[in-house]
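Peer 1: I'd like to ask some things about the structure below.
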């Protein structure tokens, strides 16, 4: 009986992780990136945008598996994306905002205290491809 109670609790938590609503007001916020930072729960980056830079980065992000646009877009100069992990569907949020000739990028987790470098790897990968594409 205890096994089934634990199983139901675990499935409930996993279901919440996968299907919890993503409130736009909570996640589609100014990234406030003043400098590149590696954080326990994510990463902040600043990158020169160049002509059409936001649109190019948007296409790279949207080509990432399990990634959807939560709010905004390049035309708004501000966009927030959700990328989910393959196994359990943990959501990570990435916000991109144009600030003059610079794109501010903030990738962070929703659940837990540490993302184990997942957001850093993802964001730095996007920015490396972005830099190569613009070269």
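Peer 1: Taking the chain as the reference, fit the longest principal axis to its C-alpha atoms, fit the long axis of helix 118-134 to the helix C-alpha atoms, and give the angle between the two in degrees, 0 to 90, nearest 10.
Peer 2: That helix lies at roughly 30 degrees to the long axis.
Peer 1: Using 0.36 nm per residue, how much length does the chain from residue 113 to residue 24 gain when fully extended, once their Cα-Cα distance is taken away?
Peer 2: Numbers: separation 89, 0.36 × 89 = 32.04 nm, distance 2.12 nm.
Length gained, residue 113 through residue 24: 29.9 nm.
Peer 1: For region 13-112, max minus min Cα coordinate along each principal axis, in Å, sorted largest first?
Peer 2: 43, 25, 23
Peer 1: Assuming R0 = 35 Å, what is the FRET efficiency of residue 121 and residue 6, from their Cβ-Cβ distance, to the nearest 0.05? All intermediate terms of the calculation are to be shown ahead of the outcome.
Peer 2: Working: r = 32 Å, r/R0 = 0.93.
The computed FRET efficiency comes out at 0.60.
Peer 1: Hey, another quick one. Given a Förster distance of 22 angstrom, what is the FRET efficiency for residue 101 paired with residue 38, based on the Cβ-Cβ distance and rounded to 0.05? Intermediate values should be presented prior to the final figure.
Peer 2: Details: r = 24 Å, r/R0 = 1.07.
Calculated transfer efficiency: 0.40.
Peer 1: Could you work out how far helix 2-19 tilts from the main Cα principal axis of the chain, as a 0 to 90 degree angle to the nearest 10?
Peer 2: 20
Peer 1: What value, in deg cm²/dmol to 500, does the helix sum -39500 (n - 2.57) over DSSP H runs of n ≥ 4 give at 222 nm once divided by the residues of the chain? Kindly include the intermediate steps, with their values, before the conclusion.
Peer 2: On the way: 4 runs with 49 residues, N = 135.
Dividing the helical sum by the residues of the chain leaves -11500 deg cm²/dmol.
Peer 1: Tell me, what is the percent relative contact order of the chain, built from C-alpha pairs under 8 Å that lie six or more residues apart? Please list the in-between numbers first.
Peer 2: On the way: 218 pairs, mean separation 36.0, N = 135.
RCO, the chain: 27 percent.
Every number here is computed from the coordinates shown, using simple stated rules; none is lab data. Fair warning: this is a prediction, and the values are worked out from it, not measured in the lab. Positions of Cβ are backbone-derived with ideal geometry, glycine not excepted, and every protein chain shown enters the neighbour counts.
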